[in-house]
Each structure stands twice: as structure tokens, then as C-alpha cells.
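Notes follow the structure.
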Amino acid sequence: MTPSRARQFRGPRPAFGLVGALLLTLLVAGCGSKATSHATFDWSAFTSSIFTPDHLILGGLYLTVIISVISQAIGVILGVFLALARTAKAAPIRWIASIYIWVFRGTPLLVQLVFFYFGVGAVHLWGWDPITILGLTIPGAIQAGIFVLGANEGAYMSEIVRAGILSIDPGQMEAAKSLGMTYGQAMRRIVLPQAARVIIPPLGNEFNNMLKTTSLLFVLGIQELYETFVIKQGQNYLPFEMYLACALWFLLLTTIWGFIQARIERQFAKGAPGATTGGPSLRQRLFGGRPAVEPSLVSGGR
């Protein structure tokens, strides 16, 4: 197949459409039309929210990142234990793990948040009282948010980890046991390190999603990034400018993570059989689309 034909298999390039739509929206909002000439775009409020954020925006930004990191860490740890439980020989352990995953994957995250904070608190099963760690007081709402986000993420990470474990040749475990290793030692030293190459890419995507999912915490009254801009637009009556700035802040967070994720994947791809790249390019990671299909994969090498 010729290179010109191979290019037909490239995925769409929505980056230009996304940027074009954003610029067109700003142009229309800024200029307005004769029918809506009173609708003007407040560039001062918008740019100050992006380039010179006040303590309110920075506080929401820091809280979003901190909650995302802690919740994702909890989710990964839970995911590993749940994945091991799903592969355990004892049937009760497998059933408990399966029920956990079924419940948290089968109910909306928003419902889980209000249930564990407002519902559980209403029947006094758990009070979510503020706690102090190293001189820092953590309100109950933030505790509940981190707990629910981490518990929900654990259900999804368990399937990712389990898929990574199943991708490793069972002979690896048998060889480890023949050397005198226990099941736990073989998992820690042999299986999981190899499975990490399979686990890391979807794990990175899950954290990308976690950064955005924190916006649901507004239902608990947590002043993360989204709730911060809800408050800001209520103060200055500029919902279009504030929500657009909020979207750009989230876009900045996920873009920065895209660079970090690409670097991590390249590190784990070193030494892997047949690995020539560290996964999709940054453009493909951020904007979507598929890489060009190799001619040999399309035409059988002819």
C-alpha cells in the first residue's frame, strides 16, 4: 500500500474544530450582533481569572488537585486488593469483591456522594466529624468526598488491574513458585511489575477523569475549582466568562497531566518486546484520533 493510501486510515483531527469553535464563540460574544449588541464579553474579568487568579481560585485549584491525587491513590490501592480478591480461590472473597464492584459501578457517583454524606449522616451511622492531621483540619465534607471518589475509583481500577494480571503468562507464576516464592511474593516481584505496562495507560486516563470528576463535589458544599467559579459568577454576574475560565483551568490541568502521563508511559515502555514508542503521541492523547495504520497490517505486507 502506498503512503498516500495509508494516510486514509488516519483518525479525525478535531483539534482544529475545537480551537475554531472556541475562537468563534469568543468572537461572537465579544463583538455581538445588532440584535444583541448589549451582550459584551468582559475580557478583563476573564483574563484576570486565568492569568492573575485570586486566592479564591488558587484555593479551589489546590483543593481539586489534592483531592484528585489522594482519591486516585485510594482507588489504586483498593483496585489492587479487589483484583487479587477476584482471582482468589476462596469463593466468599470473590463474591464480596464482585458485589462491591457491582454496586459502585452500577450506581451513579452523584448518588453515592449524597448517600454517604447526607444519607449516612442522617441516620447517624457515621458523623463525618472534622479531623486534624499535622495541624491541618479536614472538614467532614472533604473526608466524604475523598472516601467516595476513592471507593468508586477502586471498582474501576480493579478491572484494570485484573486485566493487567491476566495479560501475564501464567507460566511466570508457576516459575516463581518453583523457585520457592509464595503467592504474595510472586505477585509483588514478578507479576505486578510486568502487569504495570498494561495498567499504566488506563490508570493515567482514570486520573485524567478524576481531575474532572471532582467538580461533582459541589453537591457536598466543597469549594473545589468548579464551585469556586460558581461563587465567582454569583458575585460578578458574569456566568459566561467565569464558566469559560473554569473550563480552561480544567483543560490546563488535564493537558499538564497529558505530558506527565506520556513521560511515564515512555519509561515503562522501555525494554518491552516490540516497543518502539511510548504509546500514542501527545496530539493523539489530547485531541483523539488514531495513528496511521501500518501498511503491513492492512494489506498483509503486500
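The values are calculated or read from the model by the stated rules, or taken from the named source; none is laboratory data. Predicted, not measured: the structure shown is a model, and the values here were computed from it. FYI the Cβ positions are ideal-geometry reconstructions off the backbone, even for glycines, and counts take in every protein chain you see.
Residues that are on the phi > 0 side of the Ramachandran plot and modelled with pLDDT under 60 do not occur anywhere in region 232-247. Within region 75-94, can one find any residue that is at pLDDT 95 or above, within 30 Å of TYR243 (Cα to Cα) and surrounded by 11 or more Cβ atoms within 10 Å (Cβ to Cβ)? Taking every residue of region 75-94 in turn, at least one turns out to be at pLDDT 95 or above, within 30 Å of TYR243 (Cα to Cα) and surrounded by 11 or more Cβ atoms within 10 Å (Cβ to Cβ).
Conditions tested, residue by residue: (1) among the basic types (Lys, Arg); (2) at pLDDT below 95; (3) closer than 22 Å to ILE160 by Cα.
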| position | (1), (2), (3) |
| --- | --- |
| GLY204 | no, yes, yes |
| LEU216 | no, no, no |
| GLY221 | no, yes, no |
| LEU251 | no, no, no |
| SER296 | no, yes, no |
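Each residue in region 137-182 was checked for being over 16 Å from SER71 (Cα atoms) and either out of contact with any Pro (no Cβ under 7 Å at 6 or more places or on another chain) or among the basic types (Lys, Arg) (or both), and 23 pass.
What residue, of ALA155, ALA151, ALA144, is aliphatic (A, V, I, L, M) and touching a Lys or Arg at 6+ places or on another chain (Cβ under 9 Å)? First the steps, then the outcome.
Details: ALA151 fails: touching a Lys or Arg at 6+ places or on another chain (Cβ under 9 Å); ALA144 fails: touching a Lys or Arg at 6+ places or on another chain (Cβ under 9 Å).
It is ALA155.
Every condition in (1) farther than 30 Å from LEU253 by Cβ; (2) β-branched (Val, Ile, Thr); (3) surrounded by 13 or more Cβ atoms within 10 Å (Cβ to Cβ) is met by ILE199 except one, and the failing one is (1). When region 148-163 is filtered for residues that are free of Cβ contacts under 8 Å to residues at least 60 places away in the same chain and crowded, with 19+ Cβ neighbours inside 10 Å, only VAL148 remains. Flag not set for LEU58, criterion: at pLDDT 95 or above, assigned to a helix (DSSP H, G or I), within 17 Å of MET157 (Cα to Cα) and of a type outside the set (Gly, Ala, Ser).
Here region 27-49 is the region considered, the condition is being assigned to a helix (DSSP H, G or I) and surrounded by 15 or more Cβ atoms within 10 Å (Cβ to Cβ), and the residue that is modelled with the lowest pLDDT is ALA29. Of the helices (runs of 4 or more DSSP H) lying entirely inside region 137-236, those containing at least 3 residues that are closer than 19 Å to ALA73 by Cβ are 140-166, 192-213.
Candidates are the residues of region 97-136 that are assigned to a helix (DSSP H, G or I) and more than 26 Å from the chain's Cα centre (by Cα); the one that is farthest from ALA151 (Cα to Cα) is ALA122.
Every condition in (1) surrounded by 14 or more Cβ atoms within 10 Å (Cβ to Cβ); (2) over 26 Å from PHE118 (Cβ atoms) holds for MET210 except the one numbered (2).
For the subset of region 216-244 comprising residues that are surrounded by fewer than 18 Cβ atoms within 10 Å (Cβ to Cβ) and of a type in the set (Ser, Thr, Tyr), which member is nearest to GLN172 (Cα to Cα)? Within region 216-244, the match that is nearest to GLN172 (Cα to Cα) is TYR243. Of all residues in region 87-126, exactly one satisfies the criterion of being over 18 Å from ALA155 (Cβ atoms) and of a type in the set (Ser, Thr, Tyr), namely TYR117.
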